[in-house]
Each structure stands twice: as C-alpha cells, then as structure tokens.
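Only one structure is covered here, and it is reproduced in the block below.
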Amino acid sequence: MRFAKVFVALAATTMMLIGCASQKEPAEKAVAQIESSVAEFRADAEKYASDELKNVDASITKLKNSLADKDYSMVVKAAPALASTISSLKQTVATKKADAEALMAAATAEWGEVSAQVPQMVEAIQSRVDTLGKSRRLPANLDKATFETVKTDFESLKTEWTEATAQFASGEADAAVRKAREVKNKGDLILSKLGMTPAA
C-alpha cells in the first residue's frame, strides 16, 4: 500500500515535470517573439510614446523573471495579453509618427516662405535705420524716443531670427516657424513705426 502511494506520488511529480518541460519551449519562444516585436519599433516608441514603452518594458521584465524562475505556465498564459498591448502600442506610435511627420512637412513648407520674407524685411529695416541715423532730422511721424525703441527692437529681432534659423537647422522646424512668426510680426510693427509698408 505504501509502495503504491509512493508510486502515485512519483508518477504525479514526473507528469508535472513533463508538463513543465513541454511548456518551456513555448514560453521561451513567446518571450523571444515579444522582445523581437518591440525591437522593431523601439526607437520610434522612445520618441513618440516613452511612458507607454516603459510600462511594456516592465511587463517584459516580469515575464523574463518568470521564465528564469521556470514558471513556464505563467509565461505562456501572460504572453498573449502582453503581445496585444504591444500591438496596440505599435499602432499608437505609427499614428503619432505620421502626425509628427505631417506637422514637420507643413512647418518646412511655411519656413520656405518666411525664410525668404524675413531677410528682405531685415535688409529694408536696416537700410532705413542707417539712413535715419545719419540724418540730422527725423521724419515728422517719428520722434527720437520712438526711433531709439525701434533700434532696440530691431536688434532683438535680428537675434531672434538667428535663433529661429539655428532651430530649423537642428531639425526643430515647428519651433523655428513659431519663432519666425513672432519675428515677422515684430518686423511689421517696426516697419509701421518707421512709416514703411509692412511685408505681405
């Protein structure tokens, strides 16, 4: 009787070990596939969905820990849900990347226009400021205090334009365009104070 109980216990243990062994390969494959699928878009995910990627990485770490602990059944059960989460993240990243690229394209197109207008504006203002600076008398519509303000604002404008140009050169087209709009508005105001026609 005692031998029978021992035999049953050994048989159960053997079956359990066989069961674990049979799940080892699927568990290892599941983890490998999950890591591979994330690797395909990791760079974009870090840029467009870093918080979501951190959560996924944490889940992958838990899965790998379970694999290391030989808890293969847990890995096999948890893998499909994580794979689904990764699939959703991949779609989110693709959408955000497409939106960012569209925004960049629009900003680049606008920059093409403003980068032609602002230098011409700067040149026109510089010429007018230089001429008035050499003149003994200012025009009737421009007093000395206003002219001094104009010169100060113009120096600020040139600095801001240099910054905008540097931003565009470094790939920050959207930020560059926003600053360029501010520069153009400031330039239009300066032109108006100088009695000149604002740029179109």
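Here are the numbers:
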quantity: Listed pairs 29/96; 134/184; 29/90 exceeding 23 Å between Cα atoms; calculated: 29/96; 134/184
quantity: Region 28-33 - phi-based ³J(HN,Hα) in whole Hz, Karplus 6.51/-1.76/1.60, Gly and Pro as x; calculated: 5, 5, 4, 5, 4, 5
quantity: Restricting region 26-72 to trypsin sites (Lys or Arg not before Pro) in coil, as DSSP defines it, with at most 14 other Cβ within 10 Å; calculated: 70
quantity: Degrees, to the nearest 10: 72-134 long Cα axis against longest axis of the chain; calculated: 10
quantity: Dipole magnitude of region 100-193 about its Cα centre (Cβ charges: Lys, Arg +1; Asp, Glu -1), debye to nearest 20; calculated: 660
quantity: Centre separation in Å (Cα based) which lies between region 165-198 and region 34-52; calculated: 37
quantity: Virtual spin-label span in nm between residue 39 and residue 117, 7 Å along Cα→Cβ; calculated: 4.9
quantity: Karplus-derived 3J(HN,Hα), 6.51/-1.76/1.60, for each residue of region 37-45, Hz, glycine and proline x; calculated: 5, 6, 4, 4, 10, 4, 4, 5, 5
quantity: FRET efficiency, 1/(1 + (r/R0)^6) with R0 41 Å, evaluated for residue 103 and residue 64 via beta carbons; calculated: 0.65
quantity: Pair residue 25, residue 188: separation of 7 Å Cα→Cβ label points (nm); calculated: 7.1
quantity: For peptides 75-84, 96-105, sequence by mean Cβ density within 10 Å, most packed first; calculated: 75-84, 96-105
quantity: Net dipole in debye of the chain [+1 Lys, Arg Cβ; -1 Asp, Glu Cβ; about Cα centre; nearest 20]; calculated: 440
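Just so you know, all these numbers are worked out from the coordinates, no wet-lab data involved. The structure displayed is predicted, hence computed values, not measured ones. Note that we place each Cβ from the backbone using ideal geometry, even for glycine, and neighbour counts take in every protein chain shown.
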